[in-house]
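The values are calculated or read from the model by the stated rules, or taken from the named source; none is laboratory data. What you see is a predicted model; the values in this text were computed from it and never measured. Heads up, the Cβs are rebuilt from the backbone with ideal geometry, glycines too, and the neighbour counts pull from every protein chain shown. We work out accessible area using only protein heavy atoms, side chains counted, and drop any ligands, DNA or RNA first. Shrake-Rupley method; radii C 1.70, N 1.55, O 1.52, S 1.80 Å.
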Number of protein chains: 2
Amino acid sequence: MTDTAALARTFLASLEARDWAAWEDLMTPDVVYELPQSRERIRGRAAYRTFNETYPGEWQLSPKVVIGDAQRAVVWFAWRLNDEAGDAQVFFDFNAAGKISTVTDFWPEPYEPPARPEGLVERW
Amino acid sequence: MTDTAALARTFLASLEARDWAAWEDLMTPDVVYELPQSRERIRGRAAYRTFNETYPGEWQLSPKVVIGDAQRAVVWFAWRLNDEAGDAQVFFDFNAAGKISTVTDFWPEPYEPPARPEGLVERW
């Protein structure tokens, strides 16, 4: 059975290391990368590599939570880009050969909370 | 071994059904609920129930992707609230007895994409 969690960790580590050969080897040639928040889609490993290689700024990624089952995995990771930082999530689908066939990113942004019932919520 | 994915599905289904007894039974009494984007934290099942019971609007939740391992799970779900809709993610930690001890939500918002290298990205 594919160790999807380990492969998901390798995905993030090879991306962080800009080890493009190792990173590409995890995916099918026709991998699909989607960003639902901006409704963007990139088809194919080559285009996806170009997207990352040319991404502006000195970005850094480090995993916080990794969960995998037989066919899927998720990494909740911390990111840094210049003076900004936050948490994001990337979901993976794996094919029967253990290669990543889809990648989906979510980049949640900070927000100020709305009014909440008195006394329920603390802030950090 | 705890079937964390099944329990995560039950969490979402009981919340959707407003079956508060079934929903509470999945968690430890001192469960911690966190919203990292707004840096909000709620301590305890009773306060967390009040938070949800009093949440304004006719919200609906349906699971899209559920992934679980021995100790953690995630649900990527679709939500509707009045005329709005989107995707969100909820992460769970389970204790040795199979009860949820922490819940963490992310609510990513739509955004317009920045300039991208020509020809790489399609929109949907």
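Things worth noting here:
- Between segment A:1-48 and segment A:80-110, the alpha-carbon center distance in angstrom: 9 Å
- Modelled spin-label separation between A:R9 and A:R41, with each label point placed 7 Å from Cα along the Cα-to-Cβ direction: 3.3 nm.
- Dipole in debye (nearest 20) - the protein assembly as shown, about Cα centre, beta carbon charges: Lys, Arg +1; Asp, Glu -1: 360 debye
- For the listed peptides B:98-104, B:114-120, B:15-21, a ranking on the average number of other beta carbons within 10 Å per residue, highest first, reads B:98-104, B:15-21, B:114-120.
- Surface per residue (accessible, 1.4 Å probe) for the protein assembly as shown, Å²: 50 Å²
- Other-copy label distances relative to B:R9, 7 angstrom Cα-Cβ extension, nm: 2.8
- For GluC sites (Glu not before Pro), the sites in segment B:17-94 that DSSP calls loop and that have at most 16 other Cβ atoms within 10 Å are B:E58.
- Residue mean of other protein chain beta carbons inside 10 Å, B:35-45: 5
- Rounded to the nearest 20, the size of the Cβ-charge dipole of segment B:35-101 about its Cα centre is 360 debye, with Lys and Arg at +1 and Asp and Glu at -1.
- P(r) tail, the protein assembly as shown: Cα-Cα pairs separated by more than 34 Å, 18% of all pairs.
- Gyration tensor (alpha-carbon) shape descriptor, segment A:46-94, a/c threshold 1.5: oblate
- The listed residues B:Y55, A:Y48, once ranked by accessible area (1.4 Å probe) with the largest placed first, stand as B:Y55, A:Y48.
- Value of relative contact order over segment A:1-114, rounded to a whole percent, pairs C-alpha under 8 Å and six or more apart: 28 percent
- Cβ-vector label at 7 Å, A:A46, separations to other copies in nm: 6.4
- With contributions of -39500 (n - 2.57) from each DSSP H run of at least four residues, the per-residue ellipticity at 222 nm computed over the protein assembly as shown stands at -6500 deg cm²/dmol.
- Kirkwood hydrodynamic radius of segment B:13-72, from the reciprocal of the average inverse Cα-Cα distance over all distinct pairs: 13.1 Å.
- Against the empirical 2.2 N^0.38 Å (N residues), segment B:67-116 has a Cα radius of gyration ratio of 1.52.
- With the cut-off at under 17 Å, measuring from each backbone N in segment A:1-17 to a point 7 Å along the Cα-to-Cβ line of A:Q71 picks out A:1-5.
- Acute angle (nearest 10 degrees) that the helix B:4-16 long axis makes with the longest principal axis of chain B, alpha-carbon atoms: 90 degrees
- In the frame of its principal axes, chain B has Cα extents of 52, 35, 26 Å, reported largest first.
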